[in-house]
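The block underneath contains the structure these notes are about, expressed in structure tokens.
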Amino acid sequence: MVGLGQARIFCTMLLLTGCAALAPRVFGQAIAQRDPEPCGAEAARMRTLLDRWPAPADAEVVGRALVIAFGSSVTEAGFAPDAFDHEANARGHATTSYDFGQLALSADLQVLFAARAARRVAERGTGQAEVVLVELTPRTFSRTFNEVLREKAQDYYWPRRALLSESPELWPTARAHPGEALRGAFYHHVFADVPPRAVRTWLGLKLDELTTTHPCLDLMNLNFLVPTIQGELDAFCAERAKVFPPGSHVPAYDPETRGFIPGYRRLRPAYERLLRAIDGAPGREAALAPEAWEMDFDPAAVSDVITAVQHLGRLARRVVLVRYPENVSALPTSGRVHEAQPEWSAICQRIERETGAPLIDLSRAEGFAPRDFYDYYHLVPTAAERASALLAARLPL
Amino acid sequence: MLFNTPQFVAFFLAFFVVYTFLARGPRARLVLLAAGSILFYASFSYRFIPVLVGSGICDFYLAQAIHRAEEPRRKRLLVVSVVMNLAVLAVFKYTDFALASAEDLLHLVGVRTQVPRVGLVFPLGISFYTFQSISYTVDVYRKVYAPRTKLLHFLASLTFFPHLVAGPIVRASSLIPQFEALAPATWAAARRGFLLIAVGLAKKCAADLLGGVADPAFARAGAGAVGAVDAWLGAVAFAGQVYGDFSGYTDIALGTALLLGFTLPPNFDVPYLATSPVDLWQRWHMSLTTWIRDYLYTPLALRYRAHPYRNLIITWVLIGLWHGPSWTYVVFGIYYGLVFSSLHVLSDILPVRLLALTERRAVQPLLVLGTFFLVLIGHVLFRSSSVLGAGRMLMGMFWGHAPARLGGTAAWVTAGLVVLGVVLPQALDYLVVRKPELAERPRVLWPLVLVSLIFAATLGQSGQSFIYFAF
């Protein structure tokens, strides 16, 4: 049976196996596979954001405490660096603060992003970040919410590829191999002329939903939207769309607001006009309670956040947990959500206990009415300024 | 140990060395084939080895008894064999489905009770090797094939690892003689084997990439409304995914068998070029459809000549159920039963002159598109996780108003890539199956092998499971 033919078959088999094994080294592995982060597109987005964050200028940090707020859209909407710094200065503490809140981020990824930023601060020779604020919001600990995020990462398979190919951190490796560069160029070529509306992450797609589905209340949940002021919403959305320049799938850093998504601040005039509109529309101030699924707490997410905060604690001088003001007036009638509040408080206390990071709880802070919120969590610009001042007052600097 | 993992490559290289260079004599090689196949099966689940080997041994001795016996004892022994095999299949695969359906039925008539479930996991490949075993005893009963006297030949052919877990379903008359001869692979056969393996891996890779478009669309339909663009993209992507996945698996199975000196029958023949549903099922999963034709449909049709449509629907519902215990497969079967019955009626009532038009070359592309459209609907029923989800997906395709996930250029680019993902594997299939003399020319074969391997190695994800492993 054994013959030259069999030896030839075996040698060919070895040769082809070798080719298959070497191919990824020669031509580059698929970008998605080489992405070292567990969260793929989200992590690439974070890296790109970090790259776009300029090193703080000496004037901004010398002799001043560097404060960075991390979190989801709740931080993005609820933290106003100027108001925070103003209040801190009034109390005799010179601070420079940044708003790094990002839409649709899971809690663990927020903290990991914070850790990377803190390390970046240390690496850039500006010393350790004085204070890192970490947001605690029930929604980001929800199993359902995080599953939706993961599903979205899967949903946007091709845009995700495009996003990764545009991640500057991947470019050096992409250029190292002709095949990799070719693939990167292919994706870039295919998607480069696509308007950001179509390709950017779910943030942009959510915006599409806002503009195409009436009454557009899903994410922003403006609540006071009435058909006569639909034009205002369009302006709101158009302003937000400007954040993404054509060909770019991550927002640019905005030095004016010291954050990445300055939409809320820039929209203050539009917001004020909306506010005037609701003054003439009685019954539009009903507070919105969170959905029941937001209280579907995932123990794994809690453990992940504890580990990540402990890791962050080694990179920043001080880590502080923050619960931003909540639109609590609707809670008593919200059934399951109301019942879950003790569980949520216990989770916050557990994170505080196991990480040693103090918790500043503004969730029941006085002076916030339903009209200070877009929905249950998201503060309107004027309220964000008040909340940030309150935070600066309570933060032991 | 999936075909697309380094573990399988290592296993196969080691097996090839031992089988080809070290094993002395046919008996040693047969023992090695059976042992290697059982080891391969054990890498998925060792618990079900007794089921696999046990049912094989029973059928081997039952076939011998059938061969020796006279009527009516022969028939009784055949019934024992068939019932035993189907009972094993039913117990493992359909018990919980039957219990759940009984509970639903009781709820419908107002009886609120919870029927307990058995919770059995069905053995991998049971649908494939059970059918193969049944065909052996039936062939012996029909006297088209004389039973073998050596158990080892039968067991080695039944458990032969390239086709054990997802087919093709091979007749004993075609495979056992090869195990008796144990001819070594020729260089020409091995070259074709390499080609099939490389093309199979590339198809599997393309299928996984298409899954990135199909899976979210079906998941979305399972959860709620889905837009027309997403639904169409998802359905077409699944057409490419299921074809690439299953035919890719089959190609790898055929290729590895060729490297060991065995020839397995083809399972696909460029199915999406079919010009009618009947034509399609003569090109898609051919080993199952010919099995069903020979052992189920033909006996039914001969026995109940007066009820051709009923025979068709029963046959198709059973084909649907063969895929798994789910109502979506039942609906899938009913759908194809109705399609076939309708074609049957049409062929009876339409004038011959009109039917002759379909033979014209100019009409063929229209027929191909029409058939693909019917196939897409079948695929939606097949892929959906529930009948409701399938309904939503079909609603989305024809009346979907939900906002699309992708819009503008991104949707067009995705659509283009999806079409490419469907068309390219068909083109490869056409080249390999229909034009072997061209594909096996060294100047075509080796570049094709290398390009396919590089494509699979760089873009594929090692260890992505095969869809038909679930059946």
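Looking at the range B:134-153, which of the residues that are under 22 Å from the mean Cα position of the chain (by Cα) and closer than 20 Å to B:F262 by Cα is surrounded by the fewest Cβ atoms within 10 Å (Cβ to Cβ)? Across the range B:134-153, the extreme among qualifying residues is B:S135.
Any chance the range B:245-257 includes a residue that's part of a helix (DSSP H, G or I), touching a helix residue (DSSP H, G or I) at 6+ places or on another chain (Cβ under 9 Å), free of Cβ contacts under 8 Å to residues at least 12 places away in the same chain and within 14 Å of chain A (Cβ to nearest Cβ)? Steps first, answer last, please.
So in the range B:245-257, the residues part of a helix (DSSP H, G or I) come out as B:245-257.
Checking which are touching a helix residue (DSSP H, G or I) at 6+ places or on another chain (Cβ under 9 Å) leaves us with B:245-257.
Still in the list and also free of Cβ contacts under 8 Å to residues at least 12 places away in the same chain: none.
So far as the range B:245-257 goes, no, none of its residues is part of a helix (DSSP H, G or I), touching a helix residue (DSSP H, G or I) at 6+ places or on another chain (Cβ under 9 Å), free of Cβ contacts under 8 Å to residues at least 12 places away in the same chain and within 14 Å of chain A (Cβ to nearest Cβ).
Check the range B:177-186 and report whether any residue there is within 14 Å of chain A (Cβ to nearest Cβ), without any contact (Cβ under 8 Å) to a residue 40 or more places away in the chain and part of a helix (DSSP H, G or I). Yes: the range B:177-186 contains one or more residues that are within 14 Å of chain A (Cβ to nearest Cβ), without any contact (Cβ under 8 Å) to a residue 40 or more places away in the chain and part of a helix (DSSP H, G or I). For the range B:87-95, indicate whether the set of residues that are more than 30 Å from B:D251 (Cα to Cα) and either modelled with pLDDT of 85 or more or within 14 Å of chain A (Cβ to nearest Cβ) (or both) is non-empty. Within the range B:87-95, one or more residues are more than 30 Å from B:D251 (Cα to Cα) and either modelled with pLDDT of 85 or more or within 14 Å of chain A (Cβ to nearest Cβ) (or both).
State yes or no: is B:A404 surrounded by 13 or more Cβ atoms within 10 Å (Cβ to Cβ) and either modelled with pLDDT of 85 or more or out of contact with any Gly (no Cβ under 7 Å at 6 or more places or on another chain) (or both)? Considered against the rule, which asks whether it is surrounded by 13 or more Cβ atoms within 10 Å (Cβ to Cβ) and either modelled with pLDDT of 85 or more or out of contact with any Gly (no Cβ under 7 Å at 6 or more places or on another chain) (or both), B:A404 comes out as no. Only a single item in (1) within 23 Å of the chain's Cα centre (by Cα); (2) loosely packed, with under 15 Cβ neighbours inside 10 Å; (3) within 14 Å of another protein chain (Cβ to nearest Cβ) is not met by B:P442, and it is number (1). Filter the range B:14-58 for residues that are β-branched (V, I, T), in contact (Cβ under 8 Å) with a residue 24 or more places away in the chain and away from chain A (no Cβ under 14 Å) and give the result. Residues satisfying the conditions are B:V31, B:I38, B:V51, B:V53, B:I57.
Every condition in (1) in contact with a Gly (Cβ under 7 Å, 6 or more places away or on another chain); (2) more than 20 Å from B:L459 (Cα to Cα); (3) surrounded by fewer than 24 Cβ atoms within 10 Å (Cβ to Cβ) is met by B:R191 except one, and the failing one is (1). Scoring A:L66 on the criteria (1) within 14 Å of chain B (Cβ to nearest Cβ); (2) at pLDDT 65 or above leaves a single failure, condition (1).
Could you grab me the full set of residues in the range A:314-355 that are surrounded by fewer than 19 Cβ atoms within 10 Å (Cβ to Cβ) and of a type in the set (D, E)? Within the range A:314-355, A:E339, A:E343, A:E352, A:E354 qualify. The sole residue among B:A221, B:A225 that is modelled with pLDDT under 85, more than 30 Å from B:G25 (Cβ to Cβ), assigned to a loop (DSSP other than H, G, I, E, B) and over 23 Å from the mean Cα position of the chain (by Cα) is B:A225. In the range B:411-426, the residue that is farthest from the other protein chains (Cβ to nearest Cβ) out of those that are out of contact with any Leu (no Cβ under 9 Å at 6 or more places or on another chain) and within 17 Å of B:Y249 (Cα to Cα) is B:P425.
Looking at the range B:300-310, is at least one residue closer than 30 Å to B:S385 by Cα and in contact (Cβ under 8 Å) with a residue 60 or more places away in the chain? Spell out how you get there, then give the answer.
Here is the first cut: in the range B:300-310, the ones closer than 30 Å to B:S385 by Cα are B:309-310.
Now restrict to residues that are in contact (Cβ under 8 Å) with a residue 60 or more places away in the chain: none.
Scanning the range B:300-310, I find no residue that is closer than 30 Å to B:S385 by Cα and in contact (Cβ under 8 Å) with a residue 60 or more places away in the chain, so the answer is no.
Considering B:V79, B:V51, the condition of being of a type in the set (A, V, I, L, M, F, W, C), out of contact with any Asp or Glu (no Cβ under 7 Å at 6 or more places or on another chain) and closer than 15 Å to B:T137 by Cα is satisfied by B:V79 alone.
Quick check on this structure: which one of B:L201, B:L196 is among the hydrophobic types (A, V, I, L, M, F, W, C), in a helix (DSSP H, G or I), crowded, with 22+ Cβ neighbours inside 10 Å and within 10 Å of another protein chain (Cβ to nearest Cβ)?
Checking each option against the conditions leaves just B:L201.
Taken together, B:F92, B:F131 contain a single residue that is under 21 Å from the mean Cα position of the chain (by Cα), of a type in the set (A, V, I, L, M, F, W, C), assigned to a helix (DSSP H, G or I) and closer than 22 Å to B:R293 by Cα, which is B:F131. When the range B:40-78 is filtered for residues that are surrounded by fewer than 16 Cβ atoms within 10 Å (Cβ to Cβ) and part of a helix (DSSP H, G or I), the ones remaining, listed by number, are B:A42, B:I49, B:P50, B:G54, B:I57, B:Y61, B:R68, B:R73, B:K75, B:R76.
Scanning for something of a type in the set (K, R), over 24 Å from A:Q102 (Cβ atoms) and modelled with pLDDT under 80, does the range A:30-39 turn up at least one residue? No - not one qualifying residue is present in the range A:30-39.
The values are calculated or read from the model by the stated rules, or taken from the named source; none is laboratory data. These numbers come from a predicted model, not from an experiment. Virtual Cβ from ideal backbone geometry, glycine too; neighbours counted across all protein chains shown.
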